[in-house]
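Asks: Quick one: the structure is below, and I'll ask about it shortly.
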Ligand code: NOJ
């Protein structure tokens, strides 16, 4: 039975990377109270929902994606009461809240993992994770060839009470993030309870982190990774630790729980897999509701790959009856403004390199056009905090401040994701730009030149990125065509993307190096750059048009 159209079919969801959004208590790290104080900003921006990155108790080995207690808030971010107050305030302001659930792994400080370390090989405590004997004469080699997303082997050897080396445990991410064994009924039961814990508190949705890692092929066979191979899950076929079919039984259990709360509670899958068709399997009618579409940012600023990403994604999702989603940036990728000013405009999450030159003026121009493209596509859209201010990747953070585990795990060859996580500039003309109290240091330093990119500076500037986003989001709310499912490509040159939504709305994006002519019978609703005249679309420009006069 098709359900009525729910808010998550076409919502614009704003990603709050909590530690970098707004700091109320002056410790230089964003927190729940800081977010609550800024809810009016998000209402004014015009988004429908907020996705908050993990806020649970955590030693922060991976920015909070390493969780010691899934039912409590980390003191850095506040308290459970603060979370409840935020939920109430957001709902009162008309905003939905999506929380982030990394269910593939816990922190190494989670009581379960501590118990496992203190228990014998083969014990029930160890069976919640993947503990295995090593290979080699004395077990000195990892149990298989699996690799960590942050570099190096996916196994770490334990040391027993007698100081002798013991079994190995599996971590597809950092060693501080041991993988749970989801075939264990205790793991499943505990997470069922965690889902209810948060749905009972009123959260509207959950992002399920690293979903594709949640099942492993029994027996944990070698993947056949070449020595020194990088974690590139978007290319893997039949991999024994990624996108394994058994994970779908877990997703069905999750869906059953969400459904008991009603069709307006939702999940979004973080699944970086090899094709839109594989991704569509995560959003079959009895599984998760939506999934991030990483093919879109991977397409770069390239008309052919963008068109293909749009078509293949829509087709694959149509097969399973799920809405599309679109995203340009997140806390895991180089900010798209910087990418779009580089020779290679595409991205692969978590495989960032340092300091590649970028033409930021060109990147800004394209980022403005990309925003109008994304917000004109049918389905939901995710905005990453700061993209609405036109923030660039900070590529020159001092090495001693880098915190992403990738930096250490890659032997200081890959700087990691800190450059897209620099705290937001709110106001003023010097750091910390209103992010924290004036005498406090943000956890990562902000560039001095962000004084022109603060919320305050951009708010009254008709040409700012913020004004463009506000205007686009307001139009998106008021134009029914933009919230419908209709979508029809229009004839265009190969370097141009042109499509209609409904009878009277058209989006045209000129990705070519030349100006193009625009149909004389249209009215420009919104343009990503200043137009020379109403009949010409300059390069790297998007227009929203009214077509029926
Ligand atoms: C994906 C998250 O987005 C990323 O930030 C995190 O490092 C990994 N999953 C591991 O939880």
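Asks: Calculate how steeply helix 185-201 sits against the longest principal axis of the alpha-carbon atoms of the chain, using the helix alpha-carbon long axis, and give the answer as 0 to 90 degrees to the nearest 10.
Replies: 40 degrees
Asks: Follow-up. Measuring from centroid to centroid over Cα atoms, what is the spacing of the stretch 466-492 and the stretch 257-313 in Å?
Replies: Each part's Cα centre sits 20 Å from the other's.
Asks: Ok, one more. For the stretch 487-547, rounded, prolate or oblate, judged on the Cα gyration tensor with a ≥ b ≥ c (square roots of eigenvalues), a/c < 1.5 rounded, else prolate if a/b > b/c? Spell out each step's value before the answer.
Replies: On the way: a/c = 1.80, a/b = 1.21, b/c = 1.49.
Note, shape of the stretch 487-547 comes out oblate.
Asks: Among 442-448, 477-483, 9-15, how do they line up from the highest to the lowest mean number of other beta-carbon atoms within 10 Å?
Replies: Details: 442-448: 18.1, 477-483: 15.3, 9-15: 23.3.
Ranking, from highest mean packing down: 9-15, 442-448, 477-483.
Asks: Arranged from highest to lowest average of other beta-carbon atoms within 10 Å per residue, in what order do the peptides 186-193, 140-147, 485-492 appear? Write out the running numbers ahead of the final one.
Replies: Values: 186-193: 15.8, 140-147: 19.4, 485-492: 13.2.
Answer by packing, highest mean first, reads 140-147, 186-193, 485-492.
Asks: What Kirkwood Rh does the stretch 291-437 have if only Cα atoms enter the pairwise 1/r average? Answer in Å.
Replies: Working: mean 1/r = 0.0615 Å⁻¹.
Answer for the stretch 291-437: a Kirkwood hydrodynamic radius of 16.3 Å.
Asks: Using only the alpha-carbon atoms, how far is helix 80-92 inclined from the longest principal axis of the chain? Give it as 0 to 90 degrees, nearest 10.
Replies: So the helix axis and the longest Cα principal axis differ by about 20 degrees.
Asks: Can you tell me which of 47-55, 423-431, 122-130 comes out highest on packing, and rank the rest after it, using the mean Cβ neighbours within 10 Å? Mind dumping the intermediate values first?
Replies: On the way: 47-55: 23.3, 423-431: 19.7, 122-130: 17.8.
Ranked from most to least packed, the peptides come out as 47-55, 423-431, 122-130.
Asks: A further question follows. Just the ratio, please: alpha-carbon radius of gyration of the stretch 136-199 over 2.2 N^0.38 Å, N its number of residues.
Replies: Working: Rg = 15.1 Å, N = 64, 2.2 N^0.38 = 10.7 Å.
With N residues counted in the stretch 136-199, Rg over 2.2 N^0.38 Å equals 1.41.
Asks: Let me know the Rg and Dmax you get for the stretch 1-126 when you use only its Cα atoms, in Å.
Replies: Expressed in Å, the Cα Rg and Dmax of the stretch 1-126 come to 17.3, 56.
Asks: Further question on the same structure: Sorted from fewest to most neighbouring beta carbons within 10 Å, what does the list 420, 507 look like?
Replies: Numbers: 420 27, 507 23.
Sorted ascending by nearby Cβ count, the order is 507, 420.
Asks: Could you compute Rg(Cα) / (2.2 N^0.38 Å) for the stretch 412-549, with N its residue count? Before the final figure, lay out each step's value.
Replies: On the way: Rg = 19.5 Å, N = 138, 2.2 N^0.38 = 14.3 Å.
Its radius of gyration relative to the 2.2 N^0.38 Å reference: 1.37.
Asks: Here is a further query. For the stretch 425-447 and the stretch 33-74, write down the distance between their C-alpha centroids in whole Å.
Replies: 19 Å
Asks: Report, in degrees rounded to the nearest 10, the 0 to 90 angle that the Cα long axis of helix 247-259 makes with the longest principal axis of the chain.
Replies: Taking Cα atoms only, the helix is inclined about 70 degrees.
Asks: Rounded to the nearest 500 deg cm²/dmol, what is the calculated helix-only ellipticity per residue at 222 nm for the chain, with -39500 (n - 2.57) per DSSP H run of length n ≥ 4?
Replies: Values: 14 runs with 135 residues, N = 549.
Result for the chain: -7000 deg cm²/dmol, rounded to the nearest 500.
Asks: Let me ask something else about it. Output needed: percent of Cα pairs per 5 Å distance bin for the stretch 181-265, bins running from 0 to the one holding the longest distance.
Replies: 3, 12, 21, 20, 15, 12, 9, 5, 2, 0
Asks: Considering only DSSP beta bridges with both partners in the chain, what is the antiparallel share in %, to the nearest 5? If you can, show how the numbers build up before the last one.
Replies: On the way: 32 of 58 bridges.
Given both bridge residues lie in the chain, the antiparallel proportion sits at roughly 55 percent.
Asks: Give the Cα extents of the stretch 111-170 along the principal axes, in whole Å, largest first.
Replies: The Cα atoms of the stretch 111-170 stretch 26, 26, 17 Å along their principal axes.
Asks: Could you work out, for the stretch 1-72, what percent of all Cα-Cα pairs fall into each 10 Å distance bin, beginning at 0 Å and stopping at the bin that holds the largest distance?
Replies: That works out to 18, 39, 28, 12, 2, 0, in percent per bin.
Asks: What percent of all Cα-Cα pairs in the stretch 242-283 falls in each 10 Å bin, counting up from 0?
Replies: Per 10 Å bin, starting at 0, the Cα pair percentages come out as 26, 52, 22, 1.
Asks: Dividing the alpha-carbon radius of gyration of the chain by 2.2 N^0.38 Å (N being the number of residues), what value is obtained?
Replies: Values: Rg = 23.3 Å, N = 549, 2.2 N^0.38 = 24.2 Å.
That ratio works out to 0.96.
Asks: Just to be sure I understand: if I project the alpha-carbon convex hull of the stretch 471-520 onto a plane and average over all orientations, what area do I get in nm²?
Replies: Values: hull surface 17.0 nm².
Spelled out: convex hull of the Cα atoms, projected over all directions, averaged, 4.2 nm².
Rule-based calculations on the coordinates, nothing more; no lab input. Note that the coordinates shown come from a computational prediction; the quantities given were computed from them, not determined experimentally. So basically every Cβ, Gly included, is an ideal-geometry build from the backbone, and we count neighbours across all protein chains shown.
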